[in-house]
Structure formats: structure tokens, C-alpha cells
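Novice: Provided herewith is a single structure, encoded as C-alpha cells, for subsequent inquiry.
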Amino acid sequence: MQSLWWIWIAAGLGLAILEVLVPGFLFAGFAVGAVVTGAVIGLGIPGAGWLAASPVNALVVFAVISVVAWLVMRSVMGVRKGQMKRIDHDINES
């Protein structure tokens, strides 16, 4: 599992490319999560040996980092004005 760090990095780069091609703000957090997970596995950071021990551990760390990255980017970049439209009335009511 230790030698598969490059797959995480490649997946992160693929997700980053997909983020550019697909409208919306969907894959950026996943891309950051994959690259960070690959970097932690590849660099062999002390205390992170449990991460490379099981694919489930790596997936959990990937998921947590992805959600945190997405929330941070969402708060920094914010919601575009007019992105969400709220309708309070029914057009069929007179």
C-alpha cells in the first residue's frame, strides 16, 4: 500500500482537471483531499503508518480532508450573488 501514493496524486490531478471542465464547484475538495492523502502516504510522515496500513483508513482520511477542504474553500470564495434563488410565493396564487 505504501507504493500506491502516486495513485492518490494522479486521482487528485484528474479531479482537478475535471473541476475545470465541469461547471460548478464540485470536485475541488475531492482533488485537495486526494493530493493531501497521497502526499501523507508518499512522504511517510511519522505517526501516519496506520494510514498506509489499510485502504479503509486512507479512504476515511481522504473523505475527512475533502469535506474540510471543500468547506474552507466555500467559506473563502463564498457563494456567488444570485447563485441560489429563493421563491416565497406561488405563481398560481392571485
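Novice: Return the pair list, or none, for Cβ contacts closer than 8 Å from residues in region 72-88 that are within 24 Å of F30 (Cα to Cα) to residues that are surrounded by 10 or more Cβ atoms within 10 Å (Cβ to Cβ) and at pLDDT below 80, at least 6 apart or on different chains.
Specialist: Sorted first by the residue in region 72-88, then by its partner, the pairs are M73/F25; R74/F25; M77/F25.
Novice: Among the residues of region 1-17, which ones are β-branched (V, I, T) and free of Cβ contacts under 8 Å to residues at least 24 places away in the same chain?
Specialist: Residue satisfying the conditions is I17 alone.
Novice: Considering only region 31-69, state which residues are within 11 Å of the chain's Cα centre (by Cα) and not β-branched (V, I, T).
Specialist: A31, G33, A34, F62, A63, S66, A69
Novice: Which of the following residues is within 21 Å of W6 (Cβ to Cβ) and without any contact (Cβ under 8 Å) to a residue 12 or more places away in the chain: V20, V60, V36?
Specialist: V60
Novice: For region 44-57, give me each residue that is assigned to a helix (DSSP H, G or I), touching a residue at least 12 places away in the same chain (Cβ under 8 Å) and either open to solvent by 40 Å² or more (accessible area, probe 1.4 Å) or touching a strand residue (DSSP E or B) at 6+ places or on another chain (Cβ under 6 Å) (or both).
Specialist: A53, P55
Novice: For F25, indicate whether it is out of contact with any strand residue (DSSP E or B) (no Cβ under 8 Å at 6 or more places or on another chain) and not in a helix (DSSP H, G or I).
Specialist: yes
Novice: Within region 74-94, can one find any residue that is open to solvent by less than 50 Å² (accessible area, probe 1.4 Å), assigned to a helix (DSSP H, G or I), modelled with pLDDT under 90 and not β-branched (V, I, T)?
Specialist: No - not one qualifying residue is present in region 74-94.
The values are calculated or read from the model by the stated rules, or taken from the named source; none is laboratory data. All values reported here derive from a predicted model rather than from experimental measurement. FYI the Cβ positions are ideal-geometry reconstructions off the backbone, even for glycines, and counts take in every protein chain you see. Heads up: the accessible areas ignore ligands, DNA and RNA and are worked out on the full protein's heavy atoms, side chains in. Shrake-Rupley method; radii C 1.70, N 1.55, O 1.52, S 1.80 Å.
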